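Engineer: Structure in structure tokens, see below.
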Amino acid sequence: MQGDARGCELAYKMVAERDNEKYSFARESRLVIVAKAKVWASEGWRVVITDQDGKAYAPPEFDQQSAA
């Protein structure tokens, strides 16, 4: 493991919303964030993934994102 996490921006972010609740997660791994997003979406949450370039992906696009 090199260095520490300070100043290092995580590449993928996920936001999940339902009713009056909102959760967000950030991970370096695309596969981990896509897997987490699929689980949350399957449980009725509105989920969006944002990549390191700021492009947002909705649930129908998750498989495209995980294959990239």
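The values are calculated or read from the model by the stated rules, or taken from the named source; none is laboratory data. Just so it is clear, the model here is predicted, and its values are computed rather than measured. FYI the Cβ positions are ideal-geometry reconstructions off the backbone, even for glycines, and counts take in every protein chain you see. Ligands, DNA and RNA are stripped out before the accessible areas are found, and what is left, the full protein with its side chains, is counted by its heavy atoms. Shrake-Rupley method; radii C 1.70, N 1.55, O 1.52, S 1.80 Å.
Engineer: Anything in the range 12-28 that is over 9 Å from the mean Cα position of the chain (by Cα) and either within 16 Å of Gln64 (Cβ to Cβ) or at pLDDT below 95 (or both)? List them, or say none.
Structural biologist: Glu28
Engineer: Please find, within the range 11-32, the residue that is most open to solvent (accessible area, probe 1.4 Å) out of those that are touching a helix residue (DSSP H, G or I) at 6+ places or on another chain (Cβ under 9 Å) and of a type in the set (A, V, I, L, M, F, W, C).
Structural biologist: Looking at the filtered set, the residue picked out is Leu31.
Engineer: Can I ask one more? Collect the residues in the range 28-68 that are of a type in the set (Val, Ile, Thr) and either touching a residue at least 40 places away in the same chain (Cβ under 8 Å) or more than 20 Å from Leu10 (Cα to Cα) (or both), keeping them in residue-number order.
Structural biologist: Passing the criteria: only Val39.
Engineer: Taking Ala67, is it modelled with pLDDT under 90, of a type in the set (Gly, Ala, Ser) and loosely packed, with under 12 Cβ neighbours inside 10 Å? Show your work before the answer.
Structural biologist: Numbers: modelled with pLDDT under 90: yes; of a type in the set (Gly, Ala, Ser): yes; loosely packed, with under 12 Cβ neighbours inside 10 Å: yes.
Spelling it out, Ala67 is indeed modelled with pLDDT under 90, of a type in the set (Gly, Ala, Ser) and loosely packed, with under 12 Cβ neighbours inside 10 Å.
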